[in-house]
1. Looking at (1) under 22 Å from the mean Cα position of the chain (by Cα); (2) hydrophobic (A, V, I, L, M, F, W, C); (3) in a helix (DSSP H, G or I); (4) crowded, with 19+ Cβ neighbours inside 10 Å, find the lone condition where A:Ala88 falls short.
2. If I go through the range A:185-233 residue by residue, how many of them are of a type in the set (A, V, I, L, M, F, W, C), buried (at least 18 other Cβ atoms within 10 Å of the Cβ) and free of Cβ contacts under 8 Å to residues at least 60 places away in the same chain?
3. B:Ile216 is checked against (1) closer than 23 Å to B:Gly104 by Cα; (2) modelled with pLDDT of 90 or more and fails just one. What number does that condition carry?
4. Go through the range B:206-262 and count every residue that is in a helix (DSSP H, G or I) and of a type in the set (Gly, Ala, Ser).
5. Would you mind stating whether B:Ile116 is of a type in the set (A, V, I, L, M), farther than 30 Å from A:Ala165 by Cα and within 14 Å of another protein chain (Cβ to nearest Cβ)?
6. For the range B:93-173, which fully contained helices (runs of 4 or more DSSP H) count at least 1 residues that are within 18 Å of the chain's Cα centre (by Cα) and among the β-branched types (Val, Ile, Thr)?
7. Is there a residue in the range B:51-68 that is assigned to a helix (DSSP H, G or I) and either away from chain A (no Cβ under 14 Å) or closer than 21 Å to B:Ala161 by Cβ (or both)?
8. Out of A:Gly61, A:Gly117, I need the residue that is out of contact with any Asp or Glu (no Cβ under 9 Å at 6 or more places or on another chain) and of a type in the set (Gly, Ala, Ser). Which one?
Amino acid sequence: MSFLTINNLSAHIGKRKILRDVSLSVQAGEVCGLVGESGAGKSMIGKAVLGTLPRAIIATGGEIILDGENLQDLTPTQRRQVIGAKTALIPQDPLTALNPSRRVGAQITNRLVDILGWSKSAAQHRALDLLGEVQINDPERVMLCYPHELSGGMRQRLLIAAAFAAEPRLIIADEPTTALDVTVQKQILRLIKEMQNRYGTALLFVTHDLGVVAKVCQSLLVLYEGMVLERTTVQDFFTGPLHPYSRALLETTPKYTDPTGSLTPIPPQILDAVRAEIVAYDQAHAHV
Amino acid sequence: MAEARAEINRPIGLRLWLSAGWLIALVLTTLLAPVLAPQDPLAQDLFTSRLPPFWIDGSEPGYPLGSDSLGRDVLSRMMYGGRVALSVALIAGTLTCLLGASLGLIAGYFRGWPDIIISRLVDIWMAFPPVLFAILLIAVLGTGLTSIIIAIVVIDWTRFARVVRAEAIGQGAMDYVASAQVAGHRRFGIMAQEILPNVLPTICVLLTLEMGIAVIVEAILSFVNLSISTDQPTWGGMISEGRLSIHQAWWVLVFPLIILFLTVLSFSQLGEGLKDRFDPVLK
């Protein structure tokens, strides 16, 4: 049985549709990638699950089932508790993801103490262990630092530690490496994968980087304008994607074997075909 | 890292020293006014009227900064007038800050209907001309220290609400707020724990600015004789009275004016200095 199931989730902002009947399921311990261009709605799926959608975006229809519980059936308080106990977030931008006016150690232990009722010393021990696990040297000192005293890579390590602190069953990673420079990206990616293996956490990995998907994911969804174009396993995707858009997307990735080759854009006729698909969908669902 | 810290740990600036020094001196002087004041601030003596300050011929030793047209000592009156100015600044400033900042924080973080109500209220409030509004309020409430404080709070909370709301919206959009939300913290707890500390430097600056403004508002109200009873000296009242005899005794007007100016300036500079010092990113 899958840990997270989303059935026919739609969302819109004003008249613009953000998500169009998105369905997906993530097994316990599975790493699922959400791939698409900017504005494809991939982050919005994560936000819908976590209940942090911006106010202007209205989710219509669909259900989100987390560990057997339909989130729509719960009261706001229950939902907050379920989401808080079972999920965590690794945000995109490590620069804004830590509160600048609080010491980073407190930001990790705070959740364990306040929400899960751990004792202060237990939380402190756990935080120190975690900082070791994410390969931070001298964790005692780092715990007492303010975020601005640490580098972007360090902060992302801390955020990973914070996400795994309460051993959630599902982590949503919203482009966790995009804001980092390339050398650090690799380390962070390896670290996320390592931690995911150690804890057996399911991971919903939002990214626009197919290279990242190839490294960490088992299955993936290709999105365009909030519509799922293809749902497949990573192996099938890289050996031969079915949807023409997916194939074109794969073509755009620069190849190491041909460093002089020019960048390939997605052919306009394929984009036109995808847009026609979306228009057809919208017409079929015009009454909504 | 240790060196980096030492490098960015800036010394307390001259600005902070001067403004805090002036304000502390002022507080001490007004508190010790009964001991320090050379004369009874209310004692009238027509034989000593319009005495010039000490460096001008014809001054009297008991009246270092001269006397007004009723023979009252300017220095002593300024000392006692400072009591009114400072208590208005502290009490009205703090109350305005508490009211305005809380409403701004709620509007900025919770958005939705609380924001709509508070923001529209601010818009309507700000459409009133503040000084006329104050005069109107005093006319209704009657004169007295409490009325002045109420008037200032009622008029100026909008400044805090506006600025703090904007800051809270900015902070609320940060990822760390989303993370706290996902972790299951209560909305109110997030506001107090995550948002408030990051808005605090701004609130701090606004508070000190507000104290300066409160001093000015009190002076304006005294100037139009709507402050506290006329037998209690205030800076605004002295400026108002001094205006009538500016050609014969300029010092009655000029000294309170200088004090008023320095005090308001010190309040605003104190805020800026404190902000530089406590802002976690600048520190």
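The values are calculated or read from the model by the stated rules, or taken from the named source; none is laboratory data. Worth saying up front: this structure is predicted, and the values here are computed from it rather than measured. Glycine also receives a Cβ, built like all others from the backbone with ideal geometry; neighbour counts cover every protein chain displayed.
1. It fails just one condition, (3).
2. The number of residues fulfilling the criteria is 4.
3. Condition not satisfied by B:Ile216: (1).
4. 8
5. So B:Ile116 fits the description; yes.
6. Working: elements: B:93-110, B:112-126, B:130-141, B:145-172.
Per the criteria, B:93-110, B:130-141, B:145-172.
7. Filtering the range B:51-68 down to residues assigned to a helix (DSSP H, G or I) leaves none.
Within the range B:51-68 (the criterion being assigned to a helix (DSSP H, G or I) and either away from chain A (no Cβ under 14 Å) or closer than 21 Å to B:Ala161 by Cβ (or both)), the answer is no, since none of the residues qualifies.
8. Working: A:Gly61 fails: out of contact with any Asp or Glu (no Cβ under 9 Å at 6 or more places or on another chain).
On inspection, the qualifying residue turns out to be A:Gly117.
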